[in-house]
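*Asks:* Quick one: structure below, then a few questions.
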Amino acid sequence: MEVVQVYPQDNYDVVLYFVDGKIKKYNVSHLVGQGVFKCLEDIDFYKNNCTVLNHTLAWTLDGKYDSSNCLDLDPYVLYNEGIEIADPLQEIA
């Protein structure tokens, strides 16, 4: 399952858009401050470096969007454990 777009929220929820058209919300707060995810404690880093790399939710570590220098999460976990939601960007428009 591939993630095609991400939209980070202030509360460590990330809205995930999948290739099959599903939109899910996944909360990453359980990772924040843990091991390699310590950098996510900085909310600006969390929001500004949140992206899609390796076909999944990721955070670029160097700002160069290098797929080998990032933190990424298993897209199947995101898909299976994420909560299906309506598109929040559609509500803004």
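*Asks:* Run down Tyr12, Tyr7 and say which single residue is touching a strand residue (DSSP E or B) at 6+ places or on another chain (Cβ under 6 Å) and at positive phi.
*Replies:* Tyr12
*Asks:* Still on this structure, please answer the following. Name the single residue that is farthest from Asp13 (Cα to Cα) among those in the stretch 72-87 being over 10 Å from the mean Cα position of the chain (by Cα) and part of a strand (DSSP E or B).
*Replies:* Once the filter is applied, the top-ranked residue is Glu84.
*Asks:* May I ask you to verify whether Asp62 is assigned to a helix (DSSP H, G or I), loosely packed, with under 12 Cβ neighbours inside 10 Å and out of contact with any Asp or Glu (no Cβ under 6 Å at 6 or more places or on another chain)?
*Replies:* Judged against the criteria, Asp62 is not a match.
*Asks:* On to the next question. Scan the stretch 7-19 and tell me whether some residue there is under 22 Å from Tyr76 (Cβ atoms), crowded, with 16+ Cβ neighbours inside 10 Å and touching a Cys at 6+ places or on another chain (Cβ under 7 Å).
*Replies:* yes
*Asks:* A further question follows. Within the stretch 67-84, track down each residue that is touching a residue at least 12 places away in the same chain (Cβ under 8 Å) and either over 17 Å from Phe18 (Cα atoms) or of a type in the set (Phe, Trp, Tyr) (or both).
*Replies:* Hits for the stretch 67-84 are Ser67, Cys70, Leu71, Tyr76, Tyr79.
*Asks:* Considering only the stretch 52-61, I want to know if a residue exists there that is without any contact (Cβ under 8 Å) to a residue 24 or more places away in the chain, closer than 13 Å to Gly82 by Cβ and not basic (Lys, Arg).
*Replies:* Within the stretch 52-61, not a single residue is without any contact (Cβ under 8 Å) to a residue 24 or more places away in the chain, closer than 13 Å to Gly82 by Cβ and not basic (Lys, Arg).
*Asks:* I want to confirm something. Restricting to the stretch 29-46 and keeping residues that are at negative phi and touching an Asp or Glu at 6+ places or on another chain (Cβ under 8 Å), which single residue is most open to solvent (accessible area, probe 1.4 Å)? Reasoning before the result, please.
*Replies:* Of the stretch 29-46, the ones at negative phi are 29-32, 34, 36-46.
Applying the additional criterion that residues be touching an Asp or Glu at 6+ places or on another chain (Cβ under 8 Å) yields 32, 43.
On the way: Val32: 31, Ile43: 59 Å².
Of everything passing the filter in the stretch 29-46, Ile43 is most open to solvent (accessible area, probe 1.4 Å).
The values are calculated or read from the model by the stated rules, or taken from the named source; none is laboratory data. Fair warning: this is a prediction, and the values are worked out from it, not measured in the lab. Heads up, the Cβs are rebuilt from the backbone with ideal geometry, glycines too, and the neighbour counts pull from every protein chain shown. Side chains included, ligands, DNA and RNA excluded: accessible areas come from the protein's heavy atoms. Shrake-Rupley method; radii C 1.70, N 1.55, O 1.52, S 1.80 Å.
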